[in-house]
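Throughout, read-outs are computed from the coordinates displayed, never taken from laboratory work. Fair warning: this is a prediction, and the values are worked out from it, not measured in the lab. All Cβ positions, glycine included, derive from the backbone under ideal geometry; neighbour counts span all protein chains shown.
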Amino acid sequence: MAGTGEAHLLTDADDTVLSVHHLQVEYRTPGGVVQAVSDVSFDVRPGETLGLVGESGCGKSTTGKAVLRLEKIAGGRVVYRGEDLAVTKRGTLRRLRRKLQMIFQDPVSSLNPRRSVRELVVEGLTIAGRPVAERREAADRVLVDVGLDPERFGPMYPRQLSGGQAQRVAIARALAIRPDLIVCDEPVSALDVSVQAQIVNLLRDLKDEHDLTLVFISHDLSVVRSVCDRVMVMYLGRICEVGDVDSVFAAPAHPYTRALLDSVPRRRAVGGFTGPALEGDIPTPLDPPSGCRFRTRCPLATDRCAEDVPEVRSVGEGHFAACHYAEVAAEAPLVPAAV
Amino acid sequence: MTIVDPGVAPPSLPSAGPKLPAPRERRSWLVALCAGWLGLVVLAAVLAPLLPLADYGAIAGPPRGKPELSLDGLLGYDVLGRSMLSRLIYGAQASLLVGVVSSLIAFVAGSFFGLLAGFLRGIVDTVVSFVTDTLLAFPPLVMLLALASVLRPSISTLIVSLSLLMTPTFTRLARANTMRWASREFVMAATNMGAGLPRLLSREVLPNVVPSVASYLPVVIAALIVAEGSLSFLGLGIPSPTPSWGGMIADGQDLISRFPNLVFVPAVTILLTVLALNIVGDRLRLRFGERGA
């Protein structure tokens, strides 16, 4: 797997809110330079929810942050409505950023403990220098939007909130400046399962009410399946598979996607998992495998996978995969290498 | 959306305000006693000119006179016959002034440098950390002696040297705390909402850093009161005739075997004050120092 190439991008740029081309993000570590994201391209269409899926360390959060330029972009372009955020000037960036908001994984860490909820939710308006009356009105509006009573929760401080309530506040804060696109970075991973459903439903409702476009980063496949229109699977900083949620989940074309889906527990208590577990650990990003980066754990890997980096190619209507053997992977039942 | 989770927050929570439920206060009578002593010292120092005391420079009784039942003679008289009580109270002015002002200067300067170094990292951090480590590598007394030999002795030069001595400590504290808070996601969220560097530093990071750094103030004030005493002992403290606690000890040291109260009175005062500052400071640090939230 090593998704390079742009076959899956829309040719008409007018149809996209955000278009990412050959994005690269690097970290300098004592062990050398790590490419957290290498050569990732994707686009986000107006009004859709795009899911970014992969195990931890695959670069999905980094991709989300780089899109908002919260990470330094080492290469590539991030085009938001015709403007390249990767090279844009500070002032323009500040203006554009207000249209691109983010919701973080840890709701408690994403709220300044020294501000009341009422101050927190209108922080964007305060920074923009809006008048007090407008801020007060906006605070009431967005708190009601996310299902929190402004009278009761407005004067509270973050440590007085539960995880779910704190995440609602974070969502309200993003909403208050009327964004176009919200990157949700594992927004429910830190929450109890019962609260997860509430937050997922809330995000879905708000998306419809406010004409939002969402990029939804998660390692939880069931959550992704229920909220996303399209999904992009990542492994070690590269794309594996992109496509409509239904076709990817129904007929995964990349061995890694298959493995991910196989590792979901069966519904019966004694059923075990739906398929064989993936062998081994994710390789170190300091020295990623040559060719396809998934080959060290892939049951279908051949010599070709060590040499050629697979390009993203069409494997069906609105469904793309970066695997030399996508057709085989899609049809043959996967036999794990070890059994 | 309707309100979906009424009653999720425990009803016992206070409805407003950033107050934490107070941690179980242990030995709070001791802390209260210490705070009381500190209050008394500060009050005496501030109100000294209004008290019916003899001037600290005036001869009020016999040289080395024993304590007697009068206001001026309550703690006896010093080598020249000046009132010990008067000198102790006016000495509190100088000792506290030096301790508090130097600590505050060091606190402000250290917070400033630490905040910049911890937030900006890179070259700023390298430079600040290098200077900090260099200053901390000097033995404090050697540094103070070196400074004292260059600068003309006076209260203000003493304050300058002592604040220079403590600035690296506060810089380190502020830098470590800044790094802890700067990586929090709310800072990233503020960046993403268009906040510039001044706002990020002053509104997002600083309010979280100040309580933990400031909770070290009492301990540092105590250390500086002792440092002033040591310097006076070496003849490099607050120049006479202005009384200071350290100066009083230095004046009485030759006669300690025959007239121990000349030394013990200021020494015990320093001891009690430093002890009280440390106990109150420990309590403050427990309360504010490592609070995560």
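Computed quantities for the displayed model
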| item | result |
| --- | --- |
| Chain A: Cys lacking any partner C-beta under 4.7 angstrom | A:58, A:184, A:228, A:240, A:298, A:323 |
| Rounded to whole Hz, the Karplus (6.51, -1.76, 1.60) HN-Hα couplings of segment A:233-242, x for glycine and proline | 9, 10, 9, 6, x, 10, 7, 9, 8, 10 |
| Set of aspartates and glutamates near residue B:66 by C-alpha distance (under 12 Å), chain-local residues within fewer than 8 positions excluded | B:78 |
| Equivalent ellipsoid, segment B:51-289 (semi-axes from 5 times Cα gyration tensor eigenvalues, Å) | 43, 18, 13 |
| Relative contact order %, segment B:154-293, counting alpha carbon pairs below 8 Å whose residues are six or more apart | 26 |
| Evaluated at q = 0.20 Å⁻¹: base-10 log I(q)/I(0), Debye formula over Cα of segment B:177-281 | -0.95 |
| Distance in nm between pseudo-label sites at residue A:222 and residue B:264 (7 Å out along the Cβ direction from Cα) | 7.7 |
| Simple label model, 7 Å out from Cα along Cβ direction - residue A:83 to residue A:7, nm | 3.5 |
| Length-normalised contact order of chain A in % [C-alpha pairs under 8 Å, at least 6 apart] | 24 |
| Packing-based ranking, highest mean first, of B:80-92, A:64-76 given that Cβ atoms within 10 Å are counted | B:80-92, A:64-76 |
| Other protein chain Cβ atoms within 10 Å, averaged over every residue that makes up B:176-189 | 5 |
| Cα long-axis angle, helix A:193-210 against chain A (0 to 90 degrees, to the nearest 10) | 70 |
| Residue A:29/residue A:119 FRET efficiency (R0 22 Å; Cβ-Cβ; nearest 0.05) | 0.05 |
| For residue A:37, distant residues with modelled amide H under 5 Å away | A:25 |
| Listed residue (A:80, B:233, B:276) projecting farthest to the positive dipole end of the protein assembly as shown, Cβ model | B:233 |
| Cα-based reach from residue A:60 at 27 Å (exclusive), listing lysines while leaving out same-chain residues under 8 positions away | A:72, A:89, A:99, A:207 |
| Calculated [θ] (222 nm, deg cm²/dmol) that DSSP helices of n ≥ 4 give over chain A, each run adding -39,500 (n - 2.57) | -8500 deg cm²/dmol |
| Difference of contour (0.36 nm per residue) and Cα-Cα distance, residue B:234 to residue B:133 | 33.7 nm |
| Segment B:51-289, relative contact order [Cα under 8 Å, separation at least 6], % | 22 |
| Size of charge dipole - chain A - debye, nearest 20, with Cβ of Lys, Arg +1 and Asp, Glu -1, no other charges | 1400 |
| Mean Kyte hydropathy of 0.0 or more with a Cα span along the axis of at least 27 Å, helices from DSSP in chain B | B:28-47, B:84-120, B:155-182, B:261-284 |
| Chain A: angle of helix A:132-145 to the longest principal axis, Cα-based, in degrees nearest 10 | 50 |
| Distant-in-sequence amide H partners of residue A:183 (H built 1.01 Å from N, under 5 Å) | A:101, A:102, A:103, A:215 |
| Distant-in-sequence amide H partners of residue A:239 (H built 1.01 Å from N, under 5 Å) | A:3 |
| Gaussian network model of chain B, Cα within-10 Å springs - most flexible of B:239, B:198, B:67 | B:198 |
| Within 10 Å of each Cβ in A:155-165, the average number of Cβ atoms from other chains | 5 |
| Mean Cβ neighbour count within 10 Å, used as a protection proxy, ranking A:49-60, B:44-55 highest first | A:49-60, B:44-55 |
| Given chain B, longest segment not containing exposed loop GluC sites (Glu not before Pro) (DSSP; at most 12 other Cβ within 10 Å) | B:26-289 |
